[in-house]
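Take a look at the structure below.
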């Protein structure tokens, strides 16, 4: 994995590697390089300042190249529709991947703006994201290579988190009984439209970033997951009025019959449990605690 903290950036070999990637993307000479915290499936995330501008550089395992190619294809697709209003310039301009024998990289222009904290999210923010979500779901894209966004299995079937939370295997059993729903009612989606994946250049100009998980997903499940995230489930208190506002605004943009029942909610547990496993393995206690808190709220409010 290519890291790039200040000490390592002074290493000539690391610096040469970063510059080689910059040369491939034709973004100029590196001036500064800062490592940032990562989330799956990214292996490393670096903020670059070059003599041409500021950029985000993400590294992935070589096995992820097909997923990245799918995402780049969908960026081109979105750029031809109204959704392009909410994409960073990178989602139109950069349509290629740098790779070596181990990893692959994408580099995109840095998006400047505000990342909202859950306590700062207002009804107008919720309404705008709900409208965007409804617009995306209405798009018709015939792209068989785009697999389900959410896995229909737990990534590590032998992983037992009962020692951390006694409900883990209970939640896993509920998920596995209803996982088949993930293959039904599929639409194209950002796949991870969390508040932290939206940069606000202004209150009326959100930019959607981190399209790593873009692809097909059960439409009602994506609606539910996005609604509860913008209702602040990770804050420890679900804002019911924001949740209901998201659903009603979405339905005005994309009128249809929805079915958000217990079976669908149980099917949503897979992504939460995989995220729990990922962060436990990383030793990210804060993320584990937030995820467990969210699961307990999900159970209390919707089971």
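The values are calculated or read from the model by the stated rules, or taken from the named source; none is laboratory data. Keep in mind the model is a prediction, meaning the values are calculated, not measured. Cβ coordinates were reconstructed from backbone atoms using ideal geometry, including for glycine residues, and neighbour counts include every protein chain displayed.
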For residue 163, all conditions in the list (1) over 22 Å from residue 71 (Cα atoms); (2) modelled with pLDDT of 85 or more hold save one; what is the number of the exception?
-> (2)
Which one is surrounded by the fewest Cβ atoms within 10 Å (Cβ to Cβ), of the residues in segment 124-146 that are at pLDDT below 90 and in contact with a helix residue (DSSP H, G or I) (Cβ under 8 Å, 6 or more places away or on another chain)?
-> 145
Tell me which residues, restricted to segment 100-123, are assigned to a helix (DSSP H, G or I) and surrounded by fewer than 11 Cβ atoms within 10 Å (Cβ to Cβ).
-> 119
Could you please let me know if residue 68 is outside the structural domain of residue 136 (by TED's automatic domain parsing), at pLDDT 85 or above, surrounded by 17 or more Cβ atoms within 10 Å (Cβ to Cβ) and in contact with a strand residue (DSSP E or B) (Cβ under 8 Å, 6 or more places away or on another chain)?
-> no
